[in-house]
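**Q** If you scroll down you'll find the structure; I have some questions about it.
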Amino acid sequence: MALAAIDDIKGRQPVALDVTTLTDVTDHMIVVSGSSGRHVRAIVDAVLEAAKARDAAPIGVEGRAPGDWVLIDLGDVVVHVMRETTRVFYDLEGLWEAHAPNDNRAAGLPKRDAGAPALARHP
């Protein structure tokens, strides 16, 4: 649901991570970039509309006003929508994948090149 909404609004370089063995907070994380604060907010709105259409009210949304990094907590899925520069700086994919026992990306998403800069990892 969230990935489809992200794709519809042209979210950049979405990555889905299975973090079930790493944390009790959530089962999956999605990290996606927006090209501007406006694009970040549009992606957030699309994810929230998709959740509402499925009667899946978010537990919380943080950071929406600044639009630099917005976290959407959907329970089993946490979505991080970030401006590209913020995503490179924090490198959440690298943080979570460094602690994963194996390649834990959701099926169908590109493999990550660990030696490349953060945004260059995802075609």
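Every read-out reported here was derived from the displayed coordinates using simple, explicitly stated rules and does not represent laboratory data. Small disclaimer: the values here were computed from a predicted structure and weren't measured. A quick note on method: Cβ atoms are made from the backbone with ideal geometry, for glycine too, and the neighbour counts reach across all protein chains shown.
**Q** Starting from the Cα of Leu22, step 7 Å along the direction of its Cβ; do the same at Val88; then give the gap between the two resulting points in nm.
**A** So the two model labels end up 2.2 nm from each other.
**Q** Here's another thing I want to ask about it. Between Ser36 and Glu62, what is the label-point separation in nm under the 7 Å Cα-to-beta-carbon projection?
**A** 2.8
**Q** Something else now. So how much slack lies between Leu95 and Met1, counting 0.36 nm per residue of separation and subtracting their Cα-Cα distance, in nm?
**A** 31.4 nm
**Q** Which whole-Hz couplings ³J(HN,Hα) result when phi for each residue of segment 29-41 is put into the Karplus expression 6.51 cos²θ - 1.76 cosθ + 1.60, θ = phi - 60°, listed in order with x for Gly and Pro?
**A** 10, 10, 10, 8, 9, x, 6, 7, x, 5, 5, 4, 5
**Q** Show me, for segment 3-13, the HN-Hα J-couplings you get by feeding each phi into the Karplus relation (A = 6.51, B = -1.76, C = 1.60, θ = phi - 60°), rounded to Hz, glycine and proline as x.
**A** Rounded to whole hertz, the list is 5, 5, 5, 5, 5, 4, 9, 6, x, 8, 6.
**Q** What percentages make up the Cα-Cα pair-distance distribution of segment 2-107 when the bins are 10 Å wide from 0?
**A** All Cα pairs considered, the percentages come to 16, 50, 31, 3.
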